[in-house]
């Protein structure tokens, strides 16, 4: 893929995120694609990826994803986003509490044969859990 093709694909993938369309997001991945996420762990194959995405959507159905920056190369891209959402479904065993969440995430994408072969999500998951009251972080 050219850098322009990667950029266009990345923008399409971001639109799928913004539409909260787990099936479309998962379909952007290779059939044996891998996603590494601080919250969901490692998932391989599109159905496992879709289920992990749907879990987030079910927990935060009003989630909004705002693009901050996209950097694209011939076989890779990085997307920086800000995520806003209100917990309206169970999340890590915590019942919906209406807690609003805001955090930044970086999606590192590597492409093969026109699809995402590997996606690495980078964000402060401990901070997410602390804001939701799942864990307590002691300040010094």
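Values in this text are rule-based calculations from the coordinates and carry no lab data. The model shown is predicted, which means the values in this text are computed figures rather than measured ones. Don't worry about glycine lacking a Cβ; one is built from the backbone with ideal geometry, like all the others, and counts go over all protein chains shown.
Under the definition of Cα pairs under 8 Å and six or more residues apart, what whole-number percent is the relative contact order of the chain? Don't skip to the end; give the middle numbers.
Values: 263 pairs, mean separation 33.0, N = 140.
Computed over the chain, the figure is 24 percent.
To the nearest ten degrees, helix 46-59 and the longest principal axis of the Cα atoms of the chain are 40 degrees apart. For the pair the stretch 87-140 and the stretch 1-58, the centres of their Cα atoms are 15 angstrom apart. Between the Cα long axis of helix 3-18 and the first principal axis of the chain there is an angle of about 30°, rounded to the nearest 10. Rounded to 0.05, the FRET efficiency of the residue 117 and residue 62 pair, given R0 = 30 Å and the Cβ-Cβ distance, is 0.45.
So if R0 is 30 Å, what FRET efficiency would residue 51 and residue 19 give, r being the distance between their Cβ atoms, rounded to the nearest 0.05? Kindly include the intermediate steps, with their values, before the conclusion.
On the way: r = 18 Å, r/R0 = 0.59.
Once the sixth-power term is evaluated, E becomes 0.95.
Which of the three applies to the stretch 5-68, rounded, prolate or oblate, going by the alpha-carbon gyration tensor with a ≥ b ≥ c and a/c under 1.5 meaning rounded? Oblate, since a/c reaches 1.5 and b/c is not below a/b.
Each of residue 135 and residue 92 was given a label point 7 Å from its Cα along the Cα-to-Cβ line. The distance between the two points is 0.6 nm. Computed over the chain, the per-residue total of -39500 (n - 2.57) for DSSP H runs of n ≥ 4 gives a 222 nm mean residue ellipticity of -9000 deg cm²/dmol, rounded to 500.
Can you tell me how much longer the chain between residue 36 and residue 74 gets when fully stretched, taken as 0.36 nm per residue apart minus their C-alpha distance, in nm with one decimal?
On the way: separation 38, 0.36 × 38 = 13.68 nm, distance 2.13 nm.
Difference between extended and current length: 11.6 nm.
All distinct Cα pairs of the stretch 3-131 go into the 1/r average, and the inverse of that average, the Kirkwood radius, is 14.8 Å.
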